[in-house]
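These notes are about the structure you will find just below.
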Amino acid sequence: MSEKNIYLIKGGDIYSDGETKKRDALISDGVIEALGEGLDCKEATIIDASGMWVVPGLVDIHCHLREPGFEHKEDIASGSAAAAKGGFTTICCMANTDPVNDNAVVTRYIRERARDAGIVRVRPIAALTKGLRGEELTEVGELAEAGAVALSDDGRSVRNAHRMRLALSYARHFKMKVISHPEDTDLVNEGVMNEGYWSTAIGLPGITRAAEETIIFRDITLAALEDADIHIAHVSTAGGAEIIRGAKRRGLRVTCETAPHYLYATDEMVKDYDSNTKVNPPLRAEADRIALIEALRDGTIDCIATDHAPHHVDDKRVEYSAAASGISGFETAFAICWTALVKPGHMTPEALIAKMTSVPADILGLGSGRLEPGGAADLAIIDTRGEWTVDPSKFVSRGKNTPFAGHVLTGIVKRTFRGGRLVYEG
């Protein structure tokens, strides 16, 4: 490694401004000094990227780092290292910690711990209501001043519609985006997997798609009533995507995300009762998966977010109904998306990269997700032809909970740079 952190990346397929060209990238003093052909710098450490893609550092606007309070599942340092291994350089962590990130002290603590780790950029998403209880609103101004980039009670929906309306109005005054966790718990009714053929076949209680779709419709309606922006988290159903498509056609200010596992896997994976398949919302049917891919293609679904949810083995090594929900997703996210979307020809590489970089960054105004001269040297070098077999024992994350162990995926992150520093090399 060069003492001055000067690198010359040679011969890669560099994605910038929506197009890909074979060229070089010169990194110096934490920024992209130049992009072009035949670049030279005697002081630089040369990195041969021939046959690989050089892309902006991936941006994840929905993850769980567990700290403070659940460090046995993950902490900010281990989560940041896992994110870097997955090609991410900016990640936004949800507020369901202990104590909950519902005040400026916790927000600042998360930022300080991320600075101490010094691996990726960690941006806190603060709670919408105190204690995530859906009752008293948090002090949005103080949270924004402390560095929160959005508001969400993710993990729980705000049950009281009037309170959600007030929250949207309050957040609008501070130019803060609300991220909705769409789940009617009354309709969930102790379900543990998607309601359909497979829940009937294997005898597990199902969760109707309406549990998600009714809250998507409600929260978009409330946001329109208050002339507020809203972002819908982890869309998993065809019906949910169609509701959002209709709202966008009417000009409403709604954005949304889906997660890699909804684009790759279905509820058929639950048939072996592997608790690592338990996620919230649940894996849906093949028809939903196909509909989500089409919604990504036509712009209904704006971006892809990991919903990285690491758990200790004891949280998963129990009967299905008692298991915690969530998948440890940083280290498989890009490869799952490349395998499910680009390899079969559903999306171009450029479209996928935008959905995982500039688009999510723009949704929350993060100022990242682009690779351009003078900009921060946040980037990943990826062998998009390389195949690898998922082995959770090799995860950097403390959470080894993945249903994809043994799956062969395409796309290997070789190096990740954050601010011109090499933070991962595989």
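Against the test of being without any contact (Cβ under 8 Å) to a residue 60 or more places away in the chain and at negative phi, the options S180, S199 yield a single qualifying residue, S180. The residue list S180, S199 contains one member that is surrounded by 23 or more Cβ atoms within 10 Å (Cβ to Cβ), in the same structural domain as R297 (by TED's automatic domain parsing) and of a type in the set (S, T, N, Q), which is S180. State whether one or more residues within segment 260-281 are at positive phi, without any contact (Cβ under 8 Å) to a residue 24 or more places away in the chain and over 16 Å from the mean Cα position of the chain (by Cα). No - not one qualifying residue is present in segment 260-281.
Yes/no per residue for (1) over 22 Å from R23 (Cα atoms); (2) crowded, with 17+ Cβ neighbours inside 10 Å; (3) not assigned by TED's automatic domain parsing to the domain that holds L283:
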site: H312; (1), (2), (3): yes, yes, no
site: D315; (1), (2), (3): yes, yes, no
site: V318; (1), (2), (3): yes, no, no
site: I327; (1), (2), (3): yes, yes, no
site: T332; (1), (2), (3): yes, yes, no
site: L341; (1), (2), (3): yes, yes, no
site: E350; (1), (2), (3): no, no, no
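Counting only residues that are closer than 30 Å to V279 by Cβ and not in a strand (DSSP E or B), segment 24-63 holds 1 of them.
From the list D362, D314, D383, the lone residue that is in contact (Cβ under 8 Å) with a residue 24 or more places away in the chain and not in a loop (DSSP other than H, G, I, E, B) is D383. Checking the stated criteria, S358 turns out not to satisfy the condition of being surrounded by fewer than 20 Cβ atoms within 10 Å (Cβ to Cβ), assigned by TED's automatic domain parsing to the domain that holds V254, among the small types (G, A, S) and under 19 Å from the mean Cα position of the chain (by Cα). Checking the structure you have, find out if any residue of segment 275-285 is in contact with a Pro (Cβ under 7 Å, 6 or more places away or on another chain) and surrounded by 14 or more Cβ atoms within 10 Å (Cβ to Cβ). Yes, that holds for at least one residue. Filtered by the rule that a residue be surrounded by 24 or more Cβ atoms within 10 Å (Cβ to Cβ) and aromatic (F, W, Y), segment 208-266 gives a lone residue, Y262.
Total residues in segment 1-43 satisfying the condition of being without any contact (Cβ under 8 Å) to a residue 12 or more places away in the chain and under 17 Å from G375 (Cβ atoms): the figure is 1. Annotation: M94 fulfils all but one of (1) over 24 Å from I412 (Cβ atoms); (2) in contact with a helix residue (DSSP H, G or I) (Cβ under 8 Å, 6 or more places away or on another chain); (3) of a type outside the set (S, T, Y); (4) crowded, with 20+ Cβ neighbours inside 10 Å; the unmet one is (2).
Scanning segment 150-162 for residues that are farther than 13 Å from C63 by Cβ and of a type outside the set (S, T, N, Q) yields L151, D153, R156, V158, R159, A161, H162. The residues of segment 387-421 that are surrounded by fewer than 18 Cβ atoms within 10 Å (Cβ to Cβ), among the hydrophobic types (A, V, I, L, M, F, W, C) and assigned to a strand (DSSP E or B), listed by number, are W388, V408. Across segment 333-380, the number of residues qualifying as of a type in the set (S, T, N, Q) and closer than 14 Å to L296 by Cβ comes to 1.
The values are calculated or read from the model by the stated rules, or taken from the named source; none is laboratory data. What you see is a predicted model, and the numbers here were worked out from it, not measured in a lab. Note: ideal-geometry Cβ built from the backbone for every residue, glycine included; neighbour counts use all protein chains shown.
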